[in-house]
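Read through the structure below, which is laid out as C-alpha cells, and then see the notes.
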Amino acid sequence: MAAAVGAGAIPRIKVAAICGSLREGSYNRGLIRSAIEISKSSIPGVEIELVEIAELPLLNTDLEGEGSFPPVVEAFRQKILEADSILFASPEYNYSVSAPLKNALDWASRPPNVWGDKAAAIISASGGSGGSRSQYHLRQIGVFLDLHFINKPEFFLNAFQPPAKFDKNSNLIDAQTRENLKQVLLSLQAFTLRLQGR
C-alpha cells in the first residue's frame, strides 16, 4: 500500500498495470511499457508493475476451496490487494473488453472483492474509436466492483492513424501521445492520494 519514504518525502503509490491483450506485440502492452518508463523518469512516487493475467484459468467456482483459490489466482488477487491503484490497458474486442480482462476482473471480484475502493485509470490503443467502447463497458463493470475511475483526461488512441505512434516492436514513439499518457498517470496519482486522504 502507499507509503512515504522519509520526512517530507513524496508519498509512494503502487500501481498494478493490467493489459487486456495477451499478445506480446500488443500496442496496449506498449502503452504499459511506456507508462512504466514515464513514471520512473518523470513522476516521483509512482511505482508501476505489470501484473500478468495470461495464466489465470477461466472462472469456475468449482476451482475454489474453503476460502481459497488456485495458486495462480491467489497470487493475482494478492497483487491487486497490495496495489493502491490500477492502470488498465484495455483493447476493444467486438465493441467491448477482451475476454482475458473480463476473466481477471471476475476472479478478483470473488469474495472478498479485492478491487474495492481503489483508484483506477484506463488507456486504450485500438483501431477506429481507439478503444472508447471497451472503456465505457469497463467503467460500467467498475461501478459494481467499487472501482473509482479518473474522469479526465481520457486516453483513446487510434493506433493505425498516421503519423506512426509505435515502432515495429510496439514501443510508443509519438511524443504527444507520451505526454498524454503522462497526464493520465499524474491524474491517477493525484486521485489515488485524494481517495486515501493524503
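Nothing in this text is a laboratory measurement; each read-out follows from the coordinates by a stated rule. No experiment lies behind these values; they were computed from the predicted model shown. We place every Cβ from the backbone using ideal geometry, glycine too, and count neighbours over all the protein chains shown.
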Checklist entry - Can you pull out the residues in the stretch 77-120 that are surrounded by fewer than 18 Cβ atoms within 10 Å (Cβ to Cβ), closer than 17 Å to Gln135 by Cα and aliphatic (A, V, I, L, M)? => result Ala99
Item to check | Matching residues, the stretch 140-171, being surrounded by 19 or more Cβ atoms within 10 Å (Cβ to Cβ) and either on the phi > 0 side of the Ramachandran plot or over 17 Å from the mean Cα position of the chain (by Cα) (or both) | outcome: Ala159, Lys165, Phe166, Ser170
Checklist entry - For Gly130, which of the numbered conditions (1) small (Gly, Ala, Ser); (2) within 19 Å of Leu185 (Cα to Cα); (3) not in a loop (DSSP other than H, G, I, E, B) fails to hold? => result (3)
Next on the checklist: Can you confirm whether Ser109 is out of contact with any Lys or Arg (no Cβ under 6 Å at 6 or more places or on another chain), closer than 26 Å to Phe191 by Cα and of a type in the set (Ser, Thr, Tyr)?
Outcome noted: yes
Item to check | the stretch 184-198, residues that are of a type outside the set (S, T, N, Q) and either free of Cβ contacts under 8 Å to residues at least 40 places away in the same chain or in a helix (DSSP H, G or I) (or both) | outcome: Val184, Leu185, Leu186, Leu188, Ala190, Phe191, Leu193, Arg194, Leu195, Gly197
Checklist entry - Does the stretch 132-165 hold any residues that are small (Gly, Ala, Ser) and in contact (Cβ under 8 Å) with a residue 60 or more places away in the chain, and which are they? => result Ser134, Ala159
